[in-house]
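Any read-out appearing in this document is the output of simple, stated calculations on the displayed coordinates, not a laboratory observation. The model shown is predicted, which means the values in this text are computed figures rather than measured ones. Note that each Cβ is placed from the backbone with ideal geometry, even for glycine, and that neighbours are counted across all protein chains shown.
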Amino acid sequence: MKYRLEWNHKLKNNQKVQFSSEWVSGETAIQIGEELEGSGKASDLYFYDEKGTSWILKEMKRLLTEIEEDPHEITVYFDGGFLKETNQAGLGVVLFYKQGKKKYRIRANERFDEMDTNNEAEYAAFYYALNIIEDLGVHHLSCEFKGDSQVVLKQLEGDWPCYEETLNRWLDRIEEKMKTLGLVAKYTVISRKENKEADKLATQALEGKEIFAKTLIL
């Protein structure tokens, strides 16, 4: 989750000028807030998250202490592979997150039957990623989703219309799940090369190789 700060700066003539910061990490926001309060020239200091919720400095520190123990800073790579001959899909997900001071990676895949198109396989892979996020206990946080399917990501973002009934059903399921989890999503289209790990997992799923591995990377 990213945060921004708003505060009033006191001038020598007691006039107040309002300032706001760019979006920064929670740790950086706390550091800025402490320096502003220490300067004696800032008043009415508030922290805002991406959903518009606000806190004062004391509340912000308590919030980050609680968040630190839960999975956060979620980045998801997803990919869906499709075999037209069998109407099967391979779903591949690579998920990075922090918990405490450590960083983890989850690699997972799944084979899914009765798919109609490659785009549907991509939607199914995205939904599979949401299920993994839910199992981690993640809620009310921002998550970045990266994939090489521009169609799916642009439709999820609302930039492109979706006319296919099957895909609209997946859209509804995804939106409902994200609403339930309280997630704030950022969608990033990447190249196939950048998404090769999720693509490999999807291919392995189609080959019958099931994978679910959690690794400490930092």
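Local charge sum around residue 46 (other residues, Cβ-Cβ under 13 Å, Lys/Arg +1, Asp/Glu -1)? With Lys, Arg at +1 and Asp, Glu at -1, the neighbours total -3. Normalising the average separation of contacting C-alpha pairs (under 8 angstrom, six or more residues apart) by the number of residues puts the relative contact order of the chain at 22 percent. Per residue of the chain, the DSSP helices (runs of n ≥ 4 H) give a summed -39500 (n - 2.57) that works out to -11500 deg cm²/dmol at 222 nm. Our note on the geometry: Cα centres of the stretch 136-186 and the stretch 47-89, 13 Å apart. Compute the label zone of residue 197 within the stretch 137-178: residues whose backbone N is under 13 Å from the point 7 Å along Cα-to-Cβ. It comes to 146, nothing else. For a modelled paramagnetic label at residue 134, 7 Å from Cα along Cα-to-Cβ, the residues of the stretch 176-218 in reach, with backbone nitrogen under 13 Å, are 176-183.
Can you give the local net charge around residue 24? Use residues other than it whose beta-carbon is closer than 11 angstrom to its beta-carbon, Lys and Arg +1, Asp and Glu -1. Every neighbour counted, the sum reads 0.
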